[in-house]
Amino acid sequence: MTIDTLGEFDIIPDSIPAEGDVFIRVKPIDFITYWKRCGIMADFAASFYAFTQDNPEEQENIISTIFNELIENATKYSVKRHGEIKVHMKLYDTVLKIQTENFTPKLHFQKLRSHIKKLTESNDLDELYINTLAGKPADPSESGIGLLLMIKDYNIKLGAQFHHNEETDQYKVIIQTYYYIEH
Amino acid sequence: MKKLIAGESTITFEETESLLVFEGSMRLANMKEYDVVTDFLKESSETSPQNLTMDLRSLKFLNSSGITTLSLFILTCKKNNQPQITVLKNDNISWQQKSVTNFKKLWDDVEIKD
């Protein structure tokens, strides 16, 4: 059952054929065991698409940063170490769509839903950034600014969809980012 | 000279120049793992209470937990009103070109140089 859809979700629906289409399925345990693998996979994904661009080094750094934030989040908040994270990258001319899909614990599901609602409805992301950091304890347990920086600094369009499977009582989060490749 | 190795990155503190040089790719797993960086920055700021330069120009990547760590350090310096922070950035590295100016939004006294 779909619980909620927030932000700019499915602004390019799956039915539109892409010019590039990469699908990765990975288990959180791979990243938890060796965190460096997040960066390795992000760098791979970035170089896969960036080398064809006008300014490949710049694009590689941007795409790797976006991809890395998405898989770090999906890994940290997956319900089971042996669960699955699905990452779908599709290139549409000058737009790169990256979608992550994973199952999260109920508590994180609620926090993430509220966080994304705040992000996608904010009129002043700079103020949100400052307030988020200023309101943190000296020893915070989580950053909480990854997705915010994506939207604020990288001009990413971001959407999310939340599902609940009543049979298994699992909560699924799908996050989509649309990066408009700069030239 | 003091040196901290944090994952795929290093931070070197040149005490005589009040200079912190960041190099490599800093993508530690969570805020807890960044505690060593927080402690290293705190010790450096105590050694150089007047001025401190953070040279980020060779730092290829910094994840959001790392940006949070540097941001909280800057907010601590703001609270203590010292040291004066100068950040050296490299606009050829996209994350720096896009996100380093955020530090000045946290504390207007931060000086950012290319």
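The values are calculated or read from the model by the stated rules, or taken from the named source; none is laboratory data. Here the structure is a predicted model, which means the values were calculated and not measured. All Cβ positions, glycine included, derive from the backbone under ideal geometry; neighbour counts span all protein chains shown. Note: areas computed on protein heavy atoms with side chains; ligands, DNA, RNA excluded. Shrake-Rupley method; radii C 1.70, N 1.55, O 1.52, S 1.80 Å.
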**Fill in**
All conditions in (1) surrounded by 22 or more Cβ atoms within 10 Å (Cβ to Cβ); (2) in contact (Cβ under 8 Å) with a residue 12 or more places away in the chain; (3) under 22 Å from A:W35 (Cα atoms) are true of B:L41 except (3)
**Complete:** Checking B:T101, B:T69, B:T16 in turn, the sole residue that is open to solvent by 30 Å² or more (accessible area, probe 1.4 Å), under 22 Å from A:L147 (Cα atoms) and more than 8 Å from every other protein chain (Cβ to nearest Cβ) turns out to be B:T101
**Message:** For segment A:116-145, which positions are touching a helix residue (DSSP H, G or I) at 6+ places or on another chain (Cβ under 9 Å), open to solvent by 50 Å² or more (accessible area, probe 1.4 Å) and at the interface with chain B (Cβ under 7 Å from one of its Cβ atoms)?
**Reply:** A:D126, A:I130, A:A134, A:E142
**Request:** Would you please list the contacts, defined by Cβ atoms under 9 Å and residues six or more apart or on different chains, that run from a residue in segment B:57-74 that is in a helix (DSSP H, G or I) to a residue that is among the basic types (K, R) and modelled with pLDDT under 95?
**Result:** B:T68/A:K136; B:S71/A:K136; B:L72/A:K136
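Here is a yes/no grid of residues against (1) at pLDDT below 95; (2) under 18 Å from A:I174 (Cβ atoms); (3) open to solvent by 70 Å² or more (accessible area, probe 1.4 Å):
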position: A:T33; (1), (2), (3): yes, no, yes
position: A:C38; (1), (2), (3): no, no, no
position: A:E60; (1), (2), (3): no, no, no
position: A:T65; (1), (2), (3): no, no, no
position: A:E69; (1), (2), (3): no, yes, no
**Residue that is farthest from A:T177 (Cα to Cα) [pool: residues in segment A:15-31 that are open to solvent by less than 90 Å² (accessible area, probe 1.4 Å) and part of a loop (DSSP other than H, G, I, E, B)]** = A:K27
